[in-house]
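Peer 1: One structure, as structure tokens, below. Some questions next.
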Amino acid sequence: MLNKKNMLMTIVFALIALVLPLVINAPYQQHILILVLIWATIGTAWNLLSGYAGQVSFGHAAFFGVGAYSAGILTLHYSLSPWWGLILGPVMSMLIALPIGAIAFRLRGPYFALATLALGEIFRLVFLNMTEFTNGAKGILIMPSITSKIIYYYAGLGMLAVTLLVTYLIVHSKIGYYLVSIREDQDAATSLGIPTTLYKNLALLPSAFFTGLAGAFYMNYVAFIDPNIVFNLTNISIMVILVVMLGGVATTWGPTIGAALYIIMGELFRTTLGSANVLVFGVLVCLIIMFLPNGIAGELDIIKRIAQRKKAGLSGGV
Amino acid sequence: MSIFETRGITKRFGGLTAVNDLTFTVNKGEIFGIIGPNGSGKTTVFNMISRFFPITAGEIYFNDKRIDTLPAHEICKIGIGRTFQVVKPLRRMTVQENVMAGAFLRTGSISKARQKAEEIINFCNLENYKFRASKGLPIPLRKRLEIARALATEPQLLLLDETCAGLNPKESEAAIELIRRIRDTGITIIIIEHIMKVMMGISDRILAINFGKEIAMGKPQEVANHPEVIKAYLGEAYA
């Protein structure tokens with residue numbers, strides 16, 4: 001349940017997000033902000049399946065890429081506006097999620113992760129080699145109808161807001177409790193009458209939907225995709241894991257915080273450290289994983305819970 | 001009146017027959033004990049009932065309906081709850097959330113699940129630990145949480161697997177008292193236990209098994225004095 005303080009924080013964040021592009025008006029900085037919104041959306045979507053339900057996916061690039069290609073192919077073959085991809089992309093991602101779930105949910109833990117990794121790579125290779133349909137490695141280039149960064153920013157903000165809201169509602173319902181139960185102990189969950197495969201799919205489908213939405217949005221914004229960009233294992237599938245780990249796994253705001261820090265730090269290092277940027281970045285990620293294992297929002301939650309427990313203990317008269 | 005019945009249930013793991021042609025009936029409202037030495041197949045019987053693995057042969061009936069063909073999560077839905085010998089708390093969830101996860105089987109509403117959890121937590125005397133993460137609890141409380149979580153699914157039949165193992169005498173007395181109170185609410189109980197003293201005290205009837213086969217069945221005194229049971233526990237010389 002939203003208490004007053006959380007509500008206030010959300011409103012403050014929303015207001016800052018709304019006025020931010022008016023204050024920061026250089027196109028480069030606005031571009032960074034839009035990337036943050038895209039990554040926050042993918043992170044939030046990944047977090048539902050892998051953070052809350054504990055089914056760690058190494059294959060989210062498949063959903064991102066299918067979303068992006070849905071938008072691209074609409075323009076390439078059917079001369080439709082790529083904006084229709086915002087509807088088609090998420091739906092296609094959900095459709096491919098069904099067989100992916102049917103295969104991968106037979107496996108648990110690291111085996112699930114490996115299966116999703118392989119499935120994600122299969123999509124990259126298929127899109128790379130189906131040259132007649134996808135243009136293969138040449139990629140798809142579109143002429144964007146909108147060039148104003150401000151419009152993309154607000155569209156991206158809307159996308160993130162919807163993703164956050166839907167995820168929040170799922171997590172704070174019976175489904176959310178069931179997902180966390182499955183993560184904590186699948187056998188115990190089964191013994192409590194939870195149909196585990198069904199509920200894993202209830203996490204996977206919205207997760208694929210919003211990742212696909214972010215993919216379609218990316219196609220519209222960047223206007224060029226090829227399979228090695230949007231189905232990339234390290235730059236999409238692994239990056240989303242790092243983003244969420246940095247921000248806080250299984251927290252509402254973790255993926256958004258993680259995306260903001262990750263993208264901004266990445267850009268700062270790239271512009272200031274020259275070719276050493278990846279190295280410094282890697283060391284920093286290691287340090288964060290070692291000393292903030294629950295991510296930034298995760299550690300905040302623990303501090304909050306300790307305070308709450310003290311309060312509960314006092315009023316309960318233990 | 002019988003609530004639960006097995007007919008010739010058998011489980012083979014490859015060449016090993018863990019449970020062999022076991023037939024028994026449990027009456028409504030009774031505490032039915034299953035005893036046997038280590039590795040005699042007690043927990044396997046529970047895993048067969050709760051469908052954690054398919055049975056090789058035989059039939060299981062609950063309220064006169066055949067249940068051995070149902071998937072594992074349906075077993076809980078029709079009213080059979082279970083606990084695990086090696087406790088499986090939902091580790092990073094609080095005691096309250098653990099019990100709520102069970103209560104959600106009968107309701108979709110968070111407030112109703114919380115209310116149900118509240119009742120069960122009080123019934124099991126866990127109210128002081130409501131907001132504690134379950135992974136930090138000592139073993140007696142974790143065992144009790146295991147029972148609380150199963151109770152929240154509103155079972156008619158509860159399978160308790162070694163609820164008193166690893167507890168000191170005082171703690172197991174509290175556990176026995178809880179089991180009695182559960183029975184008094186009308187829930188039928190099948191209990192597996194190692195400690196004979198516990199079993200003798202609370203069971204209405206006992207089934208003794210060894211190598212997956214029935215060796216004795218009846219009132220606790222009869223079973224305890226049965227030569228086959230003594231042989232299984234203490235060896236040939238004492239029988």
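The values are calculated or read from the model by the stated rules, or taken from the named source; none is laboratory data. Just so you know, these numbers come straight off a predicted model, no measurement behind them. As a convention, Cβ positions derive from the backbone with ideal geometry for all residues, glycine included, and neighbour counts pool all protein chains shown. The area values use the complete protein model at the heavy-atom level, side chains included, leaving out ligands, DNA and RNA. Shrake-Rupley method; radii C 1.70, N 1.55, O 1.52, S 1.80 Å.
Peer 1: Quick one: count up the residues across the stretch A:233-281 that are buried (at least 16 other Cβ atoms within 10 Å of the Cβ) and assigned to a loop (DSSP other than H, G, I, E, B).
Peer 2: Result for the stretch A:233-281: 6.
Peer 1: Considering each residue of the stretch B:72-102, count those that are more than 9 Å from every other protein chain (Cβ to nearest Cβ), assigned to a helix (DSSP H, G or I) and in contact with a Ser or Thr (Cβ under 9 Å, 6 or more places away or on another chain), and give that number.
Peer 2: Looking only at that region, the number is 1.
Peer 1: For the stretch B:154-236, which fully contained helices (runs of 4 or more DSSP H) count at least 3 residues that are modelled with pLDDT of 95 or more?
Peer 2: Numbers: elements: B:169-184, B:196-202, B:220-224, B:227-234.
Ranges flagged: B:169-184.
Peer 1: Which residue pairs have Cβ atoms closer than 6 Å, lie 6 or more positions apart in sequence or on different chains, and pair a first residue in the stretch A:249-273 that is under 10 Å from A:GLY43 (Cβ atoms) with a second residue that is open to solvent by 30 Å² or more (accessible area, probe 1.4 Å)?
Peer 2: Close Cβ pairs satisfying both conditions: A:ILE257/A:ILE296.
Peer 1: Failed condition for A:GLY136, given (1) open to solvent by 60 Å² or more (accessible area, probe 1.4 Å); (2) touching a Pro at 6+ places or on another chain (Cβ under 9 Å), with all others met?
Peer 2: Only one criterion is unmet by A:GLY136, namely (1).
Peer 1: Let me ask something else. Could you grab the pairs with beta carbons closer than 6 Å, sequence gap of 6+ or different chains, first residue in the stretch B:127-148 and open to solvent by 20 Å² or more (accessible area, probe 1.4 Å), second one of a type in the set (Asp, Glu) and in a helix (DSSP H, G or I)?
Peer 2: Sorted first by the residue in the stretch B:127-148, then by its partner, the pairs are B:PRO140/B:GLU171.
Peer 1: Let me ask you something else. What single numbered condition from (1) aliphatic (A, V, I, L, M); (2) out of contact with any Phe, Trp or Tyr (no Cβ under 8 Å at 6 or more places or on another chain); (3) under 24 Å from B:LEU157 (Cβ atoms); (4) open to solvent by less than 20 Å² (accessible area, probe 1.4 Å) fails to hold for B:MET93?
Peer 2: (3)
Peer 1: Related question: Kindly provide the set of residues from the stretch A:165-181 that are more than 9 Å from chain B (Cβ to nearest Cβ) and touching a residue at least 12 places away in the same chain (Cβ under 8 Å), ordered by number.
Peer 2: Going residue by residue through the stretch A:165-181, those that are more than 9 Å from chain B (Cβ to nearest Cβ) are A:165-171, A:175-176, A:179.
Across the stretch A:165-181, the qualifying residues are A:VAL166, A:THR167, A:TYR168, A:ILE170, A:VAL171, A:ILE175, A:GLY176, A:LEU179.
Peer 1: In this structure, is B:THR107 under 19 Å from B:ALA148 (Cα atoms), of a type in the set (S, T, N, Q) and either surrounded by fewer than 14 Cβ atoms within 10 Å (Cβ to Cβ) or facing chain A (nearest Cβ under 10 Å) (or both)?
Peer 2: Numbers: under 19 Å from B:ALA148 (Cα atoms): yes; of a type in the set (S, T, N, Q): yes; either surrounded by fewer than 14 Cβ atoms within 10 Å (Cβ to Cβ) or facing chain A (nearest Cβ under 10 Å) (or both): yes.
The answer is yes for B:THR107.
Peer 1: Oh, and also: Only one of B:ARG51, B:ARG66 is without any contact (Cβ under 8 Å) to a residue 12 or more places away in the chain, touching an Asp or Glu at 6+ places or on another chain (Cβ under 8 Å) and open to solvent by 30 Å² or more (accessible area, probe 1.4 Å); which? Talk me through it step by step, then tell me what you get.
Peer 2: Details: B:ARG51 fails: without any contact (Cβ under 8 Å) to a residue 12 or more places away in the chain.
Result of the check over B:ARG51, B:ARG66: B:ARG66.
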